[in-house]
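Down below is the structure, laid out as structure tokens.
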Amino acid sequence: MPLDASSLVHELLRDHADSPAPDFLSAAIARTGRVAMVSSFGADSAVLLHMVAQIDRNLPVLFIDTLALFPETVTYQRSLAAHLGLLNVQTITPDRAELFSQDTDGLLHRSDTERCCSLRKAKPLERALQGYDAWITGRKRYQAATRSDLERAELEQGTGRIRLNPLVNWATPEIGAYLGTQDLPRHPLIARGYPSIGCQPCTSRVLTGEDPRAGRWRGTEKTECGIHFIGDVSQSEKKADAA
Ligand code: SF4
């Protein structure tokens, strides 16, 4: 009888506590059924995408195009996918009718970032993940206080899906070393002062000495877009509704 998701999470954490990230990822993909990777094709994304490409080039890779991305990100997505030989990249976009009714002028991000992220990111991803047992994220503990206690595998409350976070204990040095060793193409905006890259209206340049994510939603307390809370009683929705 196949293991339930909770037991599988427990086993992955137990059996792969100290495994290198590619080994953990390979074992997790083999054991978790229908798996998709979710990627922003941002500053660090090439690392995990490269690992996935070494394991299974047909694995579904879900790319959320919020329709507010930098043009450089869209171009980079295509070129990196081709470079890695990824064969199953699926572009996820917001529901057009919802977009036009709730963000008519495309300026919702100025007045309500929670609702905008819900509309353009969380809801489309939630729809796209229907039918999957697990999804792979590139989250790392060092990135934010909200991520400091992340585990490599976790159970998504509400949906029973498994979230796999193979790079949870990686930080800037490991990422830089991997990108260099594998000679992976870099997102073009990194060289222009963007170490963390999201939507164009909500991402600004980072100055020397600032936190790499300081340019995301600068001047606000927001640090997460909410896609990693989907399923957790849809916290992104609750935040949006409360705003
Ligand atoms: S990051 Fe900004 S533009 Fe993108 S979905 Fe969130 S609020 Fe909207």
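Please give the contour-minus-distance gain from GLU98 to ILE190: 0.36 nm per residue of separation, less the Cα-Cα distance, rounded to one decimal in nm.
Stretched fully, the GLU98-ILE190 segment lengthens by 29.9 nm.
Kirkwood Rh, the chain, all Cα pairs: how many Å?
It is 18.5 Å.
Using mean Cβ contacts within 10 Å as the protection proxy, how do 39-45, 202-208 order, highest first?
39-45, 202-208
Could you please report the charge total around THR172, scoring K, R as +1 and D, E as -1 over all other residues with beta-carbon less than 15 angstrom from its beta-carbon?
Net charge in that neighbourhood comes out at +2.
If you take every residue apart from ARG14 with its C-beta less than 12 Å away from the C-beta of ARG14, what net charge results, scoring Lys and Arg +1 and Asp and Glu -1?
Result for the local shell: -3.
Once the other residues with Cβ under 9 Å from the Cβ of ARG139 are scored (Lys, Arg +1; Asp, Glu -1), what is the net sum?
Net charge in that neighbourhood comes out at +4.
Please list, in order along the stretch 168-181, the HN-Hα scalar couplings obtained from phi with the Karplus expression 6.51 cos²θ - 1.76 cosθ + 1.60 (θ = phi - 60°), rounded to whole Hz, x for Gly and Pro.
4, 9, 8, 9, 3, x, 5, 5, x, 5, 5, 4, x, 4
Treating the beta-carbon of each Lys and Arg as +1 and of each Asp and Glu as -1, no other charges, what is the dipole magnitude of the chain about its Cα centre, to the nearest 20 debye?
Here the size comes out at about 480 debye.
Could you tell me which of ALA17, THR91, GLN54 has its Cα farthest along the dipole of the stretch 1-132 towards the positive end, charges placed at Cβ (Lys, Arg +1; Asp, Glu -1), taken about the Cα centre?
Of the options given, the answer is THR91.
Using a basic spin-label model with each label point 7 Å from the Cα along Cα→Cβ, how many nm lie between THR208 and ASN88?
4.6 nm
Would you kindly state how much longer the chain becomes between ILE55 and ARG78 on full extension, computed as 0.36 nm times their sequence separation minus their alpha carbon distance, in nm to one decimal?
Extending this stretch completely gives an extra 6.3 nm.
Show me 113-125, 50-62, 131-143, 88-100 ranked by packing, highest mean number of other Cβ atoms within 10 Å first.
The peptides rank, most packed first, as 113-125, 131-143, 50-62, 88-100.
Expressed as a whole number of Å, what is the distance separating the alpha-carbon centroids of the stretch 38-64 and the stretch 158-207?
Centre-to-centre (Cα) distance: 11 Å.
What share of the DSSP beta bridges in the chain is antiparallel, in percent to the nearest 5?
30 percent
We did not get these values from a lab; they are worked out from the coordinates using the rules stated. These numbers were taken from a predicted model, which means no experiment stands behind them. Positions of Cβ are generated from backbone atoms using ideal geometry, with glycine treated the same way; all protein chains shown enter the neighbour counts.
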